[in-house]
Amino acid sequence: MMNEKYFESAEFYQKRFHNFASLWVVPCFLLLLFIVGFSVFAKKEVTLSSRGTIEATRVVDQIQSTSNSPIQVNHLKENKEIKKGEILVEYQHGGEQVQGDTLAHQLQLLKRQEEQLKLLKCSIESGKSQFTNGEHFGYDQVFKDYQEQRATLRSQIQQQNATLASQNASASMTRAEIGQALQEQATKLSDYQSLRSALAEGASLESNHPLYSLYQTYAQKEAGEEASHPPHQYLSQIDQQIDQLESTLSGYRIQYAGAGSQQALSTSLDSQLASLKSQQLSKIGQELLLLAQQIIELEAKEKAQMAFLQKSRIKATEDGLLHLNEETKGSKIVAEGTPLAQVYPLIQKEKEVKIVTYIASKDIATIRLGDKIRFSTQGSKQKTIQLESRITSIASSATRTEQGNYFKVESVTRLRDQDAQMIRYGLEGKCVMITGEKSYFSFFVDQFLGVGH
């Protein structure tokens, strides 16, 4: 039996408790307490993994076949960057292009002709040529002919008026001569009448009378005893002379009346020039109307031809990236209206992509809108890219596949500049969806019991 006094010695306790087994008990106990506490209080993310794909958030444009003709040139390539206005597809066509060029040339000629015809109209209205050097379609010569017609018409009227003025001057001179002779005959008749009256009445005649000498002769014969004629015979001779004078005077009067007519000068120059101008303007107006109708018809034909040519060529309407329709890829003949490709926005400009994944129907109940998604993939430079986002869309109906029914899940994420340079549409990667959190203790219990999330 051991002496009890040894229990009070340090040597005893050193030998009894300071060994390998006693030294590991406390740390192991503390570690156990830490592990149990960590498993109870620490949380673990509950995740669901699947494969995801980078897709565009929107479609910029749908490229559809515009003709049933065979495709002659096809510039459509997957992920090709295109610019607005770039030719993507050209169809075979016959002489439509030549016909279109002919219509365009004809339309250009008609429009130039219309311009020159309008210049002719302005020239006639202003009286001055508005033409410059160039092609005038003969309208400059038409204006020159019009000016010559005006000059000829003016010359004819002036010559006619000059002739009439000469005739009127000659008639006036003749009238003046006849008038003077008429006046002389009238004076002579008056003298004979006064002579007869004096002889018949036995009156005296003034000495200054033009026929005073004849009066004296008749008066002496009448007073003489051996007069060979009686007085009434002298009066008869005077009467004959008076009758002859009256007859001559009547003839002069007729001649004077006939010689007095004056022909009026022509004053129709202005009206004739206005009529000529009106006729030319009316003719030009009709030609302008006809040209306008022809231009409208040609423009309609050209528009129809351009619409047809546009169908024979597909151009890009926006900048973007091409994504081809696999069903029509490489086809030479595609029915009109069939989709050929889609245009996606440029990632470098859009700075936004959509992560698309498919979740089996048995797991779809565990995810909700707003759940976090982590997507990882290899970029264009073999560098791992990590993207984080949240679920923005869950399909309401499943897509049937050979592996079963799957629901489409989408999330939209913003890209950093360095990620936008490496991301490409169609990249696949691992998609991890965080559906919740639970303690490690509960997780291991569930794993041990085989319980789902």
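The values are calculated or read from the model by the stated rules, or taken from the named source; none is laboratory data. Keep in mind it's a predicted model, so treat the numbers as computed, not measured. Please note: Cβ atoms are built from the backbone with ideal geometry, for glycine as well, and neighbour counts cover all protein chains shown. Remember, those area values only see protein heavy atoms, side chains included, never the ligands or the DNA or RNA. Shrake-Rupley method; radii C 1.70, N 1.55, O 1.52, S 1.80 Å.
Remarks
- Among the residues of region 301-317, none qualifies, meaning not one is of a type in the set (Asp, Glu) and surrounded by fewer than 16 Cβ atoms within 10 Å (Cβ to Cβ).
Residue-by-condition table, conditions (1) touching a helix residue (DSSP H, G or I) at 6+ places or on another chain (Cβ under 6 Å); (2) surrounded by 16 or more Cβ atoms within 10 Å (Cβ to Cβ); (3) under 30 Å from His105 (Cβ atoms); (4) at pLDDT 90 or above:
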position: Leu291; (1), (2), (3), (4): yes, yes, yes, no
position: Leu298; (1), (2), (3), (4): yes, yes, yes, no
position: Gly320; (1), (2), (3), (4): no, yes, no, no
position: Thr338; (1), (2), (3), (4): no, no, no, no
position: Gln342; (1), (2), (3), (4): no, yes, no, no
position: Lys349; (1), (2), (3), (4): no, no, no, no
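Residue-wise test of (1) modelled with pLDDT under 85; (2) under 30 Å from Val409 (Cβ atoms); (3) touching a strand residue (DSSP E or B) at 6+ places or on another chain (Cβ under 6 Å).
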site: Gln72; (1), (2), (3): yes, no, yes
site: Glu86; (1), (2), (3): no, no, no
site: Glu90; (1), (2), (3): yes, no, yes
site: Gly95; (1), (2), (3): yes, no, no
site: Asp101; (1), (2), (3): yes, no, no
site: Lys118; (1), (2), (3): no, no, no
site: Cys122; (1), (2), (3): no, no, no
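- Some residue of region 356-379 being within 49 Å of the chain's Cα centre (by Cα) and at pLDDT 85 or above: yes
- For region 351-369, a residue qualifies if it is in a loop (DSSP other than H, G, I, E, B) and either closer than 29 Å to Gln62 by Cβ or open to solvent by less than 30 Å² (accessible area, probe 1.4 Å) (or both), and the qualifying residues are Lys351, Ile367, Leu369.
- Tally of residues being within 51 Å of the chain's Cα centre (by Cα) and either acidic (Asp, Glu) or closer than 20 Å to Ala360 by Cβ (or both) across region 393-433: 13
- Asn19 being modelled with pLDDT of 70 or more and either over 30 Å from Phe308 (Cβ atoms) or touching a strand residue (DSSP E or B) at 6+ places or on another chain (Cβ under 6 Å) (or both): no
- Residues that are in a loop (DSSP other than H, G, I, E, B), without any contact (Cβ under 8 Å) to a residue 60 or more places away in the chain and over 18 Å from Arg424 (Cα atoms), drawn from region 306-328: Glu326, Glu327
- Selected residue (criterion: nearest to the chain's Cα centre (by Cα)) from residues of region 279-289 that are open to solvent by 70 Å² or more (accessible area, probe 1.4 Å) and farther than 23 Å from Gln108 by Cβ: Lys283
Yes/no matrix, rows are residues, columns are (1) closer than 30 Å to Ser361 by Cβ; (2) part of a strand (DSSP E or B):
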residue: Gly52; (1), (2): yes, yes
residue: Val59; (1), (2): yes, no
residue: Gln72; (1), (2): no, yes
residue: Gly85; (1), (2): no, no
residue: His93; (1), (2): no, no
residue: Asn133; (1), (2): no, no
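- Test: Lys408 is within 15 Å of Thr53 (Cβ to Cβ), touching a residue at least 60 places away in the same chain (Cβ under 8 Å), outside any loop (DSSP other than H, G, I, E, B) and open to solvent by 20 Å² or more (accessible area, probe 1.4 Å): no
- The lone criterion from (1) out of contact with any Gly (no Cβ under 8 Å at 6 or more places or on another chain); (2) part of a helix (DSSP H, G or I); (3) surrounded by 15 or more Cβ atoms within 10 Å (Cβ to Cβ) left unmet by Arg175 is number (1).
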